[in-house]
Amino acid sequence: GVHRQILFTTVGWFVGYYLTKRMEYMHAKLDRELFEYVRQHPEDFKAAEKKRIGELLEDFYPVR
């Protein structure tokens, strides 16, 4: 009946809320570890030289 739908909706909401919070925690933990690694090893992560847009794109040859 309706009471089961309300119960399952409530349980689903709480499970989804918990899983979302856990996912956010795991991603934040991974980000923190990666940023700490990058901070401790700057020689492995040098800034790339800037390129102009013309250097990034291939030459355009129209097909007829």
Along the charge dipole of the chain, which of Leu30, Val15, Leu57 sits closest to the positive end, that is, farthest toward it, with unit charges on the beta carbon of Lys, Arg, Asp and Glu (+1, +1, -1, -1)?
-> Val15
With a probe of 1.4 Å, find how much accessible area the chain has per residue, and write the answer as a whole number in Å².
-> 109
Scalar couplings 3J(HN,Hα) for region 24-38 by Karplus 6.51 cos²θ - 1.76 cosθ + 1.60 (θ = phi - 60°), nearest whole Hz, x for Gly and Pro, are 4, 5, 5, 5, 5, 5, 5, 4, 4, 5, 5, 5, 5, 5, 4
Could you size up the charge dipole of the chain around its Cα centre, putting +1 on the beta carbon of Lys and Arg and -1 on that of Asp and Glu, and report it in debye to the nearest 20?
-> 400
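The values are calculated or read from the model by the stated rules, or taken from the named source; none is laboratory data. Everything numeric in this text was worked out from a predicted model, so none of it was measured. Note that we place each Cβ from the backbone using ideal geometry, even for glycine, and neighbour counts take in every protein chain shown. With ligands, DNA and RNA removed, areas are computed over all heavy atoms of the protein, side chains included. Shrake-Rupley method; radii C 1.70, N 1.55, O 1.52, S 1.80 Å.
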